[in-house]
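These notes are about the structure you will find just below.
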Amino acid sequence: MPKRARELTALAVSKLKEQGRHAVGGVDGLHLRISAGARAWVLRIQIGDKRRDLGLGSYPEISLAEARDLARNYRKDVHRGIDPLTHKRQLKSALRSQQASEKTFQQCAEAYVEAKSSEWKNPKHRQQWSNTLTSYAYPHLGHLLVSEVDLPHVLACLEPIWKSKNETASRLRGRIEAVLDFATVRKYRAGENPARWKGHLETILPAPSKVQEVRHHAAMPLNEVATFISTLRQKDGISPKALEFLILTAARSGEVRGATWDEIDLSNRVWTVPAARMKARSEHRVPLSDAAIRLLENLPRLAESPLVFPSTQGKQLSDMTLTQLMRRMEASAVPHGFRSTFRDWVGERTNYARELAEQALAHTLESKVEAAYRRGDGLDKRREMMQDWATYLEKIVERSDH
């Protein structure tokens, strides 16, 4: 029978100084190992066919009594057929896995924005996401583990602003829902999404249509366009030219301000806006009227800038440039409103089909059936319509000048 080590007292253990292993007794195989001034507990134990050393922690952080308790428990595990080393590795792995999956809502939101922002066509979209979440979501959800976010937390974000700022609140709800869906796919949370609308929040919160005031872009009435264009043509600078081109083409401000000369085909009288710059992410061809061609041909070109309507520094005009121009002209409308004015002209003064006007405005068809049967973009028919629009504007300007 092997010789059992003498059971040392805590005081005796504290006086051990010599390098090497020191059996401390009380539990077979328990040693205090001293190496280069460091002291640690080691349990030598037979596991199956192998003799192994199990580290139990450093001394004196782990006391003699605690080391003996740990050693006894490990020996009991071995008797039950459990490999303590394998069990420790499994526990550490489980802990690391748990820690890796314990993400806060803010961490998930930031990861989502980073992952998805390359898809967003407008660089400002990322900033809008961050601003909305920072202002309204993070104070309630930011510090929470995303796995713990539930209905009361979502409502704490939405209810204070649902009626007073419903457009913002609706966007916030959608963004929270997207972040939570992202977290579910990444295995950071499980279960249904507490920010979903259909069959869930719609039963608690008023419908946006009932509390949200619909605000349309202020449009200029047709009978005021003549005076406005006449005044606009008397102004110097690139901004008035850009605004007139916007009116002639019924285009969006961003499409006009970002237009480059390589998009313009003067010989074929077509402006092709690439998909990346369109709201619907689909290439849009704009037929150019005589007036639009004359305007382009009379524009100066900067060698250092590819833009059709560059600022004095050769950069793209800011998104407020055309709006500020209209404010200075004391117009009770905004640039985007001219698209509505054009649409009014088509509906009230012409026999052109509604679908043709929608194509000119690059609107996405709501009807999937109608969209499926639309094979072309009606360029030739739209060319005639845009020429008639330019002719109409020219005639009412001439009348206003006389």
Revision key, fill the gap. Being in the same structural domain as Phe338 (by TED's automatic domain parsing) and in a loop (DSSP other than H, G, I, E, B) narrows Lys198, Lys235 down to just Lys235
Study note, to complete from the structure: Among helices (runs of 4 or more DSSP H) entirely inside the stretch 341-402, those with 1 or more residues being at pLDDT 90 or above, of a type outside the set (Asp, Glu) and in the same structural domain as Val273 (by TED's automatic domain parsing) are 354-360, 379-401
Review point. Does the stretch 166-190 hold any residues that are surrounded by 15 or more Cβ atoms within 10 Å (Cβ to Cβ) and not in a helix (DSSP H, G or I), and which are they?
Key: Arg186, Tyr188, Arg189
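Yes/no matrix, rows are residues, columns are (1) at pLDDT below 80; (2) assigned to a loop (DSSP other than H, G, I, E, B); (3) of a type outside the set (A, V, I, L, M):
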residue	(1), (2), (3)
Gly57	no, no, yes
Ile62	no, yes, no
Ala65	no, no, no
Ile82	yes, yes, no
His87	yes, no, yes
Ser97	yes, no, yes
Ala111	no, no, no
Ser118	yes, no, yes
Review point. Hey, any hits in the stretch 243-266 for a residue that's outside any helix (DSSP H, G or I), more than 21 Å from Arg349 (Cα to Cα), in contact with a strand residue (DSSP E or B) (Cβ under 7 Å, 6 or more places away or on another chain) and modelled with pLDDT under 90?
Key: no
Review point. Within the stretch 239-262, is even one residue free of Cβ contacts under 8 Å to residues at least 12 places away in the same chain, surrounded by fewer than 16 Cβ atoms within 10 Å (Cβ to Cβ) and within 30 Å of Ala357 (Cβ to Cβ)?
Key: no
Check your understanding: If you scan the stretch 37-55, which residues turn out to be under 20 Å from Glu18 (Cα atoms) and either touching a residue at least 24 places away in the same chain (Cβ under 8 Å) or polar (S, T, N, Q) (or both)?
Key -> Trp41, Leu43
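I need the full set of residues from the stretch 290-307 which are under 14 Å from Met386 (Cα atoms) and of a type outside the set (Gly, Ala, Ser), in order please.
Matches in the stretch 290-307: Asp290, Ile293.
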Exercise for review: Test Phe228 against the criterion of being closer than 30 Å to Leu302 by Cβ and either in a helix (DSSP H, G or I) or polar (S, T, N, Q) (or both), and give yes or no.
Suggested key: yes
Practice item. Within the stretch 14-55, track down each residue that is out of contact with any His (no Cβ under 8 Å at 6 or more places or on another chain), of a type in the set (A, V, I, L, M, F, W, C) and not in a loop (DSSP other than H, G, I, E, B). Key: Leu30, Ala38, Ala40, Ile45, Ile47, Leu54
Revision key, fill the gap. Note on Lys50: of the conditions (1) surrounded by fewer than 11 Cβ atoms within 10 Å (Cβ to Cβ); (2) of a type outside the set (A, V, I, L, M, F, W, C); (3) more than 28 Å from Arg89 (Cβ to Cβ), unmet is (3)
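The values are calculated or read from the model by the stated rules, or taken from the named source; none is laboratory data. These numbers were taken from a predicted model, which means no experiment stands behind them. Virtual Cβ from ideal backbone geometry, glycine too; neighbours counted across all protein chains shown.
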